[in-house]
Amino acid sequence: MSSKKKAPQTKIKKGKILVPKWKLFRAKEPMLSVFMWGINHSIGELMHVPPPTLLMPDDFKAYAKIKVDNHAFNKDNMPSHFKVKEYCPNVFRHLREQFCVDQYDYLRSLTSIEPDPDPDQVDRAGGSSRFFVSYDKKFVIKSMDSEAVAELHSVMKEYHEYVVEKHGKTLLPQYLGLYRLTVDGNETYLIVMRNVFGRKYNVHRKYDLKGSTISRAASEKEKAKELPTLKDNDFLESNVKLRVPEEVRHQLLSMLEADTAWLAKQHLMDYSLLLGIHDVERAVAENAVRPVEHSEESGDELAPTPPDSPIPSTGAFPSQEGGPDLDDEYYAIASSAASNERLIYFIGLVDILTYYGVKKRTATAAKTVKYGSDAENISTVKPDQYARRLVEFVSKALLSQT
């Protein structure tokens, strides 16, 4: 009698299927790899949680923290040990919504390709901050010290209220995310902001303006750079005038007055108005002699916006009929059609987190004695005076043309 052999049975253990959840992000330095990993992790977590209908006081004190120990990582890819802390996740998520920054765009811009060091950005506050820009130039990442982080926390509730009140239409820095990274025992604080300068238009001239004329000229070393950061006296010596439509002039000054009044109310000063100027005719000439570059990395920029995505921000200022395409160029203003030059201005406030405390009051007193009657033109003055002086400086430079 023949017997059939039974096929060997494989025992299947019930339990969770182990799926590797660590996505690798390769960058030139470990800190950037961890930053990209942290953005991917935090946005991924937020996308699974509906936003709160109302922000509570505890949301402004909240944080999300994760510690990673993974020996499978190597330093060519990711550090084996690191920590990521995200501050006020729900608050910054709501701020991104107010500023019309889509979560997927935020994620893609900061993690698809590593951010590049930005040699054109300098720490205008005189510190040692580092700057990076996302590959698509949408966002700037800046390192901060613990003092600046503490100052941002102290005004975060008021900042959020102001942004909501203005429906996101403000010249203030657009703070989109705050993170602390710990790699090899070293802590780095990084703030993500919308880039003041354009994505599609290169800046040909750049000014850092405070409304002050004492020690406010670029050094010869700075002027020797390909794109120097010029200052107030350079601006005045060149007799720069911003020729814009009357409606835009009124809107810009109203916005600047409201923003600087808010900063004065928070006792903040020593900030700058960052001005970038794109020369349309110069750009046309430059493009005529520049070889065409094809990049697969940024091909999605031409793709249509998915139906579920919010309508892209059209910026703080109205666009001109027949003018340049300024879609998604939030801080951009086209020069008046009646102007002799075709220019695009990029205007935004930066470095707003300097508190007028004992240190600054002492500096004000010392410089007042030093400069005497000319002391009103020093950079270190009381917040309300600082705000008023900057508005007056900008007002004189703005010419309305129809």
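The values are calculated or read from the model by the stated rules, or taken from the named source; none is laboratory data. Given the structure is predicted, the values throughout are model-derived calculations rather than measurements. Note that we place each Cβ from the backbone using ideal geometry, even for glycine, and neighbour counts take in every protein chain shown. Note: accessible area is taken over every heavy atom of the protein model, side chains too, but ligands, DNA and RNA are not part of it. Shrake-Rupley method; radii C 1.70, N 1.55, O 1.52, S 1.80 Å.
The residues of the stretch 183-195 that are open to solvent by less than 40 Å² (accessible area, probe 1.4 Å) and at pLDDT below 95 amount to a single one, V183.
Taking the stretch 86-121 as the search range and keeping residues that are of a type in the set (S, T, Y) and either assigned to a helix (DSSP H, G or I) or touching a Cys at 6+ places or on another chain (Cβ under 7 Å) (or both), which one is farthest from V140 (Cα to Cα)?
First, the residues of the stretch 86-121 that are of a type in the set (S, T, Y): 87, 104, 106, 109, 111-112.
Those still in the list that are either assigned to a helix (DSSP H, G or I) or touching a Cys at 6+ places or on another chain (Cβ under 7 Å) (or both) too: 104, 106, 109, 111.
Working: Y104: 17, Y106: 11, S109: 11, T111: 13 Å.
By that ranking, first place goes to Y104.
With the condition being modelled with pLDDT of 65 or more and farther than 19 Å from K231 by Cβ, I'd like the helices (runs of 4 or more DSSP H) fully within the stretch 278-397 carrying at least 1 qualifying residues.
Working: elements: 280-289, 358-371, 383-397.
The helices (runs of 4 or more DSSP H) meeting that bar are 280-289, 383-397.
The conditions of being on the phi > 0 side of the Ramachandran plot and acidic (D, E) are met by D184. T170 fulfils the conditions (1) part of a strand (DSSP E or B); (2) open to solvent by less than 20 Å² (accessible area, probe 1.4 Å) except for a single criterion, (1). Tell me, please, whether a residue that is modelled with pLDDT of 85 or more, open to solvent by 60 Å² or more (accessible area, probe 1.4 Å) and part of a loop (DSSP other than H, G, I, E, B) can be found in the stretch 257-267. So far as the stretch 257-267 goes, yes, one or more of its residues are modelled with pLDDT of 85 or more, open to solvent by 60 Å² or more (accessible area, probe 1.4 Å) and part of a loop (DSSP other than H, G, I, E, B).
Among the residues making up the stretch 207-232, those that are polar (S, T, N, Q) and more than 16 Å from D118 (Cβ to Cβ) are S212, T213, S215, S219. Among the residues of the stretch 155-167, those identified as open to solvent by 30 Å² or more (accessible area, probe 1.4 Å) and touching a residue at least 12 places away in the same chain (Cβ under 8 Å) are K157, E158, V164, K166, H167.
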